[in-house]
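The block underneath contains the structure these notes are about, expressed in C-alpha cells.
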Amino acid sequence: MHLFGLIGQPLTHSFSKRYFTEKFEQLGLTDYRYELFPLASINELPALLQANPSLQGLNVTIPYKKQVLPFLSASFLPEGLNACNCIRIRDGKTEGYNTDVIGFEKSLVPLLKPHHTRAIVLGSGGAAEAVLYVLDKLGIDHLTVSRKASGNKIINYNYLSNELINSSTLIINTTPLGMFPLEDSLPPIPYKLLTDKHLLYDLIYNPAKTAFLRLGEEKGASIKNGEEMLIIQAEESWKIWNA
C-alpha cells in the first residue's frame, strides 16, 4: 500500500483528497490511497508517522505550515522561506518542501500588468510565507496586513489608508476568511476604494468566488481564486513524492 495524506486542522473540506483519489483512479493505481489526518496539535505528527508506516508523503495545511518545521529530518525549502506544505517520507525520515511557491508564481505571473508594482498581503500565516517569497522574487514591493501588527512590514487592518489602497494595486488574501462554510466572512478592507486597476487574488478556492473577490469584481477589479495554485502545487507534490 502506498499511502499519502493531508495534515491540518480542521480538514472539513479537502481539495487534496478528492484530487489525488481521482488521480490514482485515472492512473489505475489501485494500491494508492490519500487520507485526511486532522491533528489537534502538530506534536501528534510523530505518533501519526509511527502508526502509518506505509506513509510516503504528506501535504501540510492550516495551521501547521510553520509549526511543522522542527519535525523535519531535512529541509529542501528555498533560503528565507519558513513554511512547509509538502513532506516526502523515506525510511522514516521527513523531508520538507514548499510547492505553494511554484503554484502561486505560475498562477499569478500571467495576470500581472506593469502597474502591479506594489502589493498588500492579507494574513501572516504559513501560506503568506510563500506569497511573500514570490513577491520578493518578482521585485514587487509589499506590505502585510494582519490582526496583530509587528514592525514596519506588518500593520493592523485599522491602518489601511486610502493612499495604501490606491497605490497597492495587487491585493492577496491568504487568510481563511470567506472559506466554506463561512462564506459571508471577508477581510475588513475598504472595498469602496478598489478600481479597475486592482488585481485581487484569493488563495481560497471554495467557494469559487469569495465575498472578497465578489466585492472587488463589482468595483471593476480583476480577480483570481486559488484553484489553479492548488492544482499546480498538488502536481509538484506528486513529482516530489515520486522522485
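For segment 39-133, a simple Cβ point-charge model (Lys and Arg +1, Asp and Glu -1, everything else neutral) yields a dipole of about 200 debye relative to the Cα centre. Computed packing ranks the peptides 123-130, 177-184 as 123-130, 177-184, most packed first, by mean other Cβ atoms within 10 Å.
Of the residues LEU108, ALA211, SER150, the one whose Cα sits farthest toward the positive end of the charge dipole of segment 102-229, with +1 on the Cβ of Lys and Arg and -1 on the Cβ of Asp and Glu, is SER150.
Enumerate by residue number the trypsin sites (Lys or Arg not before Pro) in segment 110-165 meeting two conditions: DSSP loop (anything except H, G, I, E, B), and at most 13 other Cβ atoms within 10 Å of the site's Cβ.
Sparse-neighbourhood loop trypsin sites (Lys or Arg not before Pro): ARG147, LYS148, LYS153.
Within a straight-line Cα-Cα reach of under 13 Å, LYS113 can be paired with the following aspartates and glutamates, leaving aside sequence neighbours fewer than 8 residues apart in one chain: ASP196. Placing +1 on the Cβ of every Lys and Arg and -1 on the Cβ of every Asp and Glu, with nothing else charged, gives segment 102-229 a dipole about its Cα centre of roughly 240 debye. Ranked by how many other Cβ atoms sit within 10 Å of their own Cβ, fewest first, the residues SER237, SER222, SER73 fall in the order SER73, SER222, SER237. Relative to the longest principal axis of the Cα atoms of the chain, the long axis of helix 126-138 makes an angle of roughly 60 degrees. Structure shown: which of LYS153/LYS209; LYS66/LYS148; LYS106/LYS137; LYS23/LYS239 lie over 19 Å apart, alpha-carbon to alpha-carbon? Checking Cα-Cα distances, LYS153/LYS209 exceed 19 Å. Toward the positive end of the charge dipole of segment 76-139, with +1 on the Cβ of Lys and Arg and -1 on the Cβ of Asp and Glu, the farthest Cα among SER124, GLY92, ASN82 is that of SER124.
Using R₀ = 25 Å, calculate the FRET efficiency as 1/(1 + (r/R₀)^6) where r is the Cβ-Cβ separation of LYS137 and SER167; round to 0.05. The value I calculate is 0.75. Counting every other Cβ atom within 10 Å of each residue's Cβ, GLU218, GLU95 order from fewest to most as GLU218, GLU95.
The calculated 222 nm mean residue ellipticity attributable to helices in the chain amounts to -8500 deg cm²/dmol, summing -39500 (n - 2.57) over DSSP H runs of n ≥ 4 and dividing by all residues.
Taking the square roots of 5 times each eigenvalue of the Cα gyration tensor of segment 61-157, largest first, gives ellipsoid semi-axes of 26, 17, 10 Å.
Seen from every direction in turn and averaged, the convex hull around the alpha carbons of segment 2-98 projects onto 6.2 nm².
A straight line joining the Cα centroids of segment 159-229 and segment 1-67 runs 29 Å.
Taking one quarter of the surface of the convex hull spanned by the alpha-carbon atoms of the chain gives a direction-averaged projected area of 13.2 nm². Each Lys and Arg adds +1 at its Cβ and each Asp and Glu adds -1 at its Cβ; summed about the Cα centre, the chain shows a dipole of about 320 debye. Residue separation of ASN82 and ALA47 scaled by 0.36 nm, minus their Cα-Cα distance, works out to 10.2 nm of gained length.
Read-outs: derived from the displayed coordinates by stated rules, not from any lab. Because the structure is a prediction, the values reported are computed rather than measured. Reconstructed Cβ throughout: ideal geometry from the backbone, glycine too, with neighbour counts over all protein chains shown.
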